[in-house]
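Asker: Sending over a structure as structure tokens; questions will come in a sec.
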Amino acid sequence: MCNLYAQTKSQDDIHHALREITDDDAVIEDLTGNLPSLPGIWPDYAAPILRHGAHGYHISMGRWGMPTPPQFLTGRKVDPGVTNIRNLDSPHWRRWLAVPHRCLVPFTSFAEPDSRPGPMRGKPVWFTLGREPPVAFFAGIRTEWTSTRKLKEGAVTVDAFAFLTCAPNREVADIHPKAMPVILTRPEDWRIWLTAPFERARRLQQPLPDGELEILPEGSSAEFG
């Protein structure tokens, strides 16, 4: 399960990438302000998400973690949210699979816990698309939701998001054989995820081809790109 990633691309980089899928007169509305480099994004942290709106594309900050299925909240006072989603046939997730709830989550690297025996077991291993990675996105879903995410915070209404997972490719499977995020690197796939009927869009829930990810050396910083 991916519970840590980084987003260190500039706003200009993200805007330029979006221009590849917009019409000439489409608007890119950016509500993130002065977006900082985010070398360590953990569950419930705020991070940028992109979605399709009535007049173009919308970039805003969301909090990582979609509403937890009710059966897992019995006896709990808080709902920190679900960060990774795989079973798209679940009734809980189906309500958020239409275009208004789909989003792209920009990233430059992500971490998976090392499942191999030895002293590194459980520690994060970082994956990237290269030392100078292109703009890429996780395929995500989002919704506005009111809940208590932290007791000290009380009930809050947030734009919550999570991203899809799938079977791992070769590089991830060697470290974490259960799953990897759904990664979209091609503009045509970005457009499909944000605008196409779901039966077409769900075909994107598949691993990145083998050989497209690199593992960062132990101790490397995630702040690059």
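Asker: Report the net charge of residues surrounding Asp210, where surrounding means a beta-carbon distance below 14 angstrom and charges are Lys +1, Arg +1, Asp -1, Glu -1. Before the final figure, lay out each step's value.
Answerer: Details: positive: Arg170; negative: Glu171, Asp174, Glu212, Glu214.
Cβ neighbours under 14 Å give a net charge of -3.
Asker: Please compute the net charge surrounding Pro43, taking Lys and Arg as +1 and Asp and Glu as -1 over other residues with Cβ under 14 Å from its Cβ.
Answerer: On the way: positive: Arg63, Arg149, Lys150; negative: Asp44, Asp79.
Every neighbour counted, the sum reads +1.
Asker: Follow-up. Of Pro168, Pro197, Gly65, which is farthest along the charge dipole of the chain in the positive direction, counting Lys and Arg as +1 and Asp and Glu as -1 at C-beta?
Answerer: Gly65
Asker: Among Leu50, Leu216, rank each residue by its count of other Cβ atoms within 10 Å, from fewest to most, as a rough exposure measure. List each step's numbers first, then the result.
Answerer: Numbers: Leu50 23, Leu216 17.
Least crowded to most crowded, the residues run Leu216, Leu50.
Asker: Listing Val135, Val99 from the residue with the fewest other Cβ atoms within 10 Å to the one with the most, what is the order? Numbers along the way, then the final one.
Answerer: Details: Val135 22, Val99 14.
Arranged by neighbour count, lowest to highest, Val135, Val99 become Val99, Val135.
Asker: Between the DSSP loop rule and a limit of at most 12 other Cβ atoms within 10 Å, which chymotrypsin sites (Phe, Trp or Tyr not before Pro) in the stretch 123-208 are left? Don't jump to the answer; show the numbers that get you there.
Answerer: On the way: sites: Trp126, Phe127, Phe137, Phe138, Trp145, Phe161, Phe163, Trp190, Trp193, Phe198; in loops: none.
Sites meeting the loop and neighbour criteria: none at all.
Asker: What number, rounded to the nearest 500 deg cm²/dmol, is the helix-based mean residue ellipticity at 222 nm of the chain, given -39500 (n - 2.57) per DSSP H run of at least four residues and division by all its residues?
Answerer: On the way: 5 runs with 29 residues, N = 225.
It comes out at -3000 deg cm²/dmol, rounded to the nearest 500.
Asker: How are the Cα pair distances of the chain distributed, in percent, across 5 Å bins from 0?
Answerer: Binned Cα distances yield the sequence 1, 7, 15, 19, 20, 18, 12, 7, 2, 0, 0, 0.
Asker: Right, something else. Would you mind pulling out the separation of the Cα centroids of the stretch 114-136 and the stretch 13-76, in Å?
Answerer: For the stretch 114-136 versus the stretch 13-76, the Cα centre distance is 23 Å.
Asker: Based on Cβ point charges of +1 for Lys and Arg and -1 for Asp and Glu, what charge dipole magnitude is obtained for the chain about its Cα centre, in debye rounded to the nearest 20?
Answerer: Numbers: 25 positive and 27 negative charges, 222 e Å.
Charge dipole, the chain, about its Cα centre: 1060 debye, nearest 20.
Asker: Within the stretch 154-173, what residues put their amide N at less than 17 Å from the label point 7 Å along the Cα-to-Cβ vector of Lys77?
Answerer: Residues 154-156 qualify, since their backbone N sits under 17 Å from the label point.
FYI, it's all coordinate maths here, none of it is from the lab. Just so you know, these numbers come straight off a predicted model, no measurement behind them. In this analysis, Cβ positions are derived from the backbone assuming ideal geometry, glycine residues included, and neighbour counts consider all displayed protein chains.
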